[in-house]
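The block underneath contains the structure these notes are about, expressed in structure tokens.
Just so it is clear, none of the values below were taken in a lab; they were calculated from the coordinates. Not measured: the values here are computed from a predicted model. No Cβ is skipped: glycine too gets one built from the backbone with ideal geometry, and neighbour counts run over all protein chains shown.
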Amino acid sequence: MGILINNGNVVFSDTIKNVDIYIEKEKIKIIERFINPALLPPNTELIDASGLYVFPGFIDAHTHYGLGEEGNKTADGFFEGSRAAAFGGVTTFIDFADQISGKTLQEGAVKRIHEAEEATIDFTLHQCIYNMHDQISLELDSLKSFGVGVVKLFMTYKEFGCYLDPDYWSSLFPLCCEKKILVTLHAEADELISKINIKFKDRKLSAEMHPVLRPSEAESLAILRAGKAAAQFSLPLYIVHLSSKAGMDVIRKLRNEGVKLYVETTPHYLLLTDSKLKGKDGCNFIMTPPLRKATDNRELRSALVSGEIGIVATDHCSYTPEYKSSFADCREIPAGIPGSEEMSSLIYSSLVAEGSMEMIQMGHILSGNPAKVFGLYPEKGSLKPGTDADIVVFSPEANGTFSKKNIHSNADYTAYEGLNFTGSPLITILRGNVIFRNGKFTGKRGGGRFIRSGESSLYRY
Ligand code: URP
Ligand code: ZN
Ligand code: ZN
């Protein structure tokens, strides 16, 4: 059955137009000022989008659904996390595949795709690299042909075995550059974090101490080091979850020197401060990097509006308050917060409704840019005939208050409890199927597909 979306304000990459969209068999078939329903097949469903905005499906470009082993698994598996995302207008998420010892990179990706089989929306993967070895070049070739064209490196998390020694960059960066594989980076300098930790070795530390243990300088130092190394090979580098003004300042400095850096931030670094870490609920706000100050929020918001930051993603990584609070020391509390569902309403409320950002730019940061940067465009991230009919019908007037009572993550809390919002998705369509409407999830367990990524736009300029 086809769908006709009628009379919506359609948010294209360069303009907003009042046009109709006809969807048939998973794809956008026609976009015209007026499509006569009488000329469409008789069982076509009509969606009246008068007064509403129509976006390409949002992309949450940084998630951790179904993370961890039994006993310390995230509250949201792939089904729950992606269902929460669908409520927020997200039709594609990007998660991470581990590098598994003794297995190839591709085997790691295949395992993760199996783990994601209950996803309700489409997804792609970034492949983590924790170890270098002689076969890595061949493995990267097969990984890319398989459909994963992005790798993720960590400059911290030695304790979890994720840290890749920067000494390996000089062999890995040229390979990635030559193969046009995008390198993404969790930038926090482990040396500095370890040095600070030694001082507090024998003390139990509350959540409030987390930013002291992982200061902004750890982020700026790491970016500086990685940016300089990437520049030697003209490698574009993607910095995930930028949290601080210090980090942004270094990015500006490196860009002035010609270093190609692309930046992602999250709603929590735009809107929440370290004051959340005080008191008994402080543990619910432990994530890495930690929450910073209001000055950092402001700087990141202004960098986002100016286009210096190109993508907002959530880093959705959900643990229940019950689980988080079972650890007495902030270094042991599992890090991460949920957020895929809240993302689009937070961006609309705090930036668009408030007058700092145009609707078109909201479409870029939540859809067009991640699609281009991660090689999913134009199938994802655009509204063009012939591409996937991933569509969000968004009401600028719908409003409410975030509360754990009306949020769908299994985490049993929202980091934005009590915050009023304006603007919310009313309908989410994944490849021509309505998966969220009138406050109800109408999608399917396993309705999502793995999407192969093509070449990143960062290799095209
Ligand atoms: O606290 C966070 N961000 N948890 C997820 C892992 C990561 O570093 O992104
Ligand atoms: Zn990270
Ligand atoms: Zn993450």
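At q = 0.09, 0.15 Å⁻¹, what base-10 log of I(q)/I(0) does the Debye formula yield for the range 175-296 when every alpha carbon is treated as an equal point scatterer in vacuo? Cα-only, vacuum Debye calculation for the range 175-296: -0.28, -0.71.
Model label points for D141 and S275, set 7 angstrom from Cα along the Cα-to-Cβ axis, are 5.7 nm apart. Take the cross-link list K195/K276; K293/K384; K293/K324; K103/K180 and give me the ones stretching past 31 Å between alpha-carbons. Among K195/K276; K293/K384; K293/K324; K103/K180, the Cα-Cα distance tops 31 Å for K293/K384.
Checking the a/c ratio against 1.5 first, then a/b against b/c, what shape does the Cα gyration tensor give for the chain?
In terms of gyration-tensor shape, prolate.
Cross-link partners of K440 among aspartates and glutamates, defined as those whose alpha carbon lies under 15 angstrom from its own and excluding same-chain residues fewer than eight positions apart: E80, E341. What pairs in K152/K404; K158/K372; K25/K111; K152/K260 have C-alpha atoms more than 20 Å from each other? Checking Cα-Cα distances, K152/K404; K158/K372; K25/K111 exceed 20 Å.
Peptides 58-69, 427-438 ranked from most to least packed, by the mean per-residue count of other Cβ atoms within 10 Å: 58-69, 427-438.
Between the helical axis of 294-306 and the longest alpha-carbon principal axis of the chain there is an angle of about 50 degrees.
Based on the mean of other Cβ atoms within 10 Å per residue, sort peptides 82-89, 412-419, 397-404, 3-10 so the most packed one is first. Don't jump to the answer; show the numbers that get you there.
Working: 82-89: 29.1, 412-419: 18.4, 397-404: 13.5, 3-10: 21.4.
Listed from highest to lowest mean packing, they are 82-89, 3-10, 412-419, 397-404.
Taking each DSSP H run with n ≥ 4 as -39500 (n - 2.57) and averaging over every residue of the chain yields -7500 deg cm²/dmol at 222 nm. Sorted on the mean count of surrounding Cβ atoms within 10 Å across their residues, most packed first, peptides 350-358, 279-287 read 279-287, 350-358.
Farthest toward the positive end of the dipole of the range 113-246, out of L164, H186, A218, is the Cα of A218, where the dipole comes from beta carbon charges about the Cα centre.
Between helix 245-256 and the chain there is an angle of about 80 degrees, using the helix long axis and the longest principal axis of the Cα atoms. For helix 190-199, report the angle its Cα long axis makes with the longest principal axis of the Cα atoms of the chain; keep it between 0 and 90° and round to the nearest 10°. Between helix and principal axis, roughly 60 degrees.
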